[in-house]
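The values are calculated or read from the model by the stated rules, or taken from the named source; none is laboratory data. Keep in mind the model is a prediction, meaning the values are calculated, not measured. When we count neighbours, we look across all protein chains shown, and the Cβ atoms used for this are built from the backbone with ideal geometry, even at glycine.
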Amino acid sequence: GNEGSYTFNGGAGDDLFNGGDGNDVLNGWTGADTMSGGAGDDIYVVDNSNDVIYEAVNDGNDVVISNASYSLGGNLENLTLTENSNIDGTGNNSDNRITGNGGNNKLNGGNGDDVVVGNAGTDTLIGASGNDILNGGGGDDSLIGHAGSDRFLYNTGSSFNTADVGEDIIADFNKTENDKIVLSKTTFDSLNSSTGFGFSVVAEFEVVTSDTAAATSDASIVYNSNNGKLFYNPDGSAAGFGGGGLFATLNNNAQLTANDFVLQS
């Protein structure tokens, strides 16, 4: 191609595409393909883990869409897995956005400040180094921040539903690295605390020492410091959790306070 925006579709063999400048779509189809979009915001469609993509520094904000396990090469920013198979996605040294599919994925952001989103399925999300945002989506996911100031995000875009949130494991919440649990007030819609901080309404968060106490707490967000379980309790002191329930367990039983949370709209 040249400076225009083009769509390239391969065949059954091992294809070679060079998109040139412009916002191109390159789809290798079957085979181990080699693709280069050049400058511009390009979309690469991948169905083979051995597909090779070349991008130069500052050549645009590019997206790789894959129905096979795939690792981003250098200078690629975004990876989105498609369909429902159990495949994996891995980032690079850039600031990546890695998005899973409907299957059980292992998603690793690599170096950089990454956003890793699991979607449906029982996923493992790894931030690796950098200040990462991990959002497991639906399913019972494992969230591993590793080094950096990480954010464990709970935002489904709608009111809390256990099927949409899942019951996640936060494997390595680290207060000394300024990790935070981020709660959307759209999802946790009984919260009245101000956004951008922890709980400005002090009574909305409580630490207890048993699940029974959590189920009858007046607080909306309740943490059992004995087993690391974190509950949403929109019904307050009424028995049970009503429309809420367990949504995360901190494996290291971190001693959470209100300052370990950030609320967003």
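Here are the numbers for the structure shown:
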| item | result |
| --- | --- |
| Test: residue in the stretch 118-127 that is closer than 25 Å to GLU55 by Cα and touching a strand residue (DSSP E or B) at 6+ places or on another chain (Cβ under 9 Å) | yes |
| Qualifying residue in the stretch 219-237 (condition: surrounded by 18 or more Cβ atoms within 10 Å (Cβ to Cβ), over 24 Å from ASP141 (Cα atoms) and hydrophobic (A, V, I, L, M, F, W, C)) | yes |
| Top-ranked residue in the stretch 58-73 [being of a type outside the set (S, T, N, Q) and at pLDDT 95 or above; ranked as surrounded by the fewest Cβ atoms within 10 Å (Cβ to Cβ)] | GLY73 |
| PHE247 being among the hydrophobic types (A, V, I, L, M, F, W, C), within 27 Å of GLY157 (Cβ to Cβ), buried (at least 19 other Cβ atoms within 10 Å of the Cβ) and touching a residue at least 60 places away in the same chain (Cβ under 8 Å) | yes |
| Qualifying positions in the stretch 77-91 - more than 17 Å from ALA32 (Cβ to Cβ) and either surrounded by fewer than 16 Cβ atoms within 10 Å (Cβ to Cβ) or not hydroxyl-bearing (Ser, Thr, Tyr) (or both) | GLU77, ASN78, LEU79, LEU81, GLU83, ASN84, SER85, ASN86, ASP88, GLY89, GLY91 |
| Test set (1) in contact with a strand residue (DSSP E or B) (Cβ under 6 Å, 6 or more places away or on another chain); (2) on the phi > 0 side of the Ramachandran plot - LEU81 fails condition number | (2) |
| Total residues in the stretch 1-57, condition buried (at least 17 other Cβ atoms within 10 Å of the Cβ), modelled with pLDDT of 95 or more and among the hydrophobic types (A, V, I, L, M, F, W, C) | 7 |
| Residue in the stretch 251-260 that is outside any loop (DSSP other than H, G, I, E, B) and of a type in the set (Val, Ile, Thr) present | no |
| Residues (more than 13 Å from ALA147 (Cα to Cα) and not small (Gly, Ala, Ser)) located in the stretch 109-119 | VAL115, VAL116, VAL117, ASN119 |
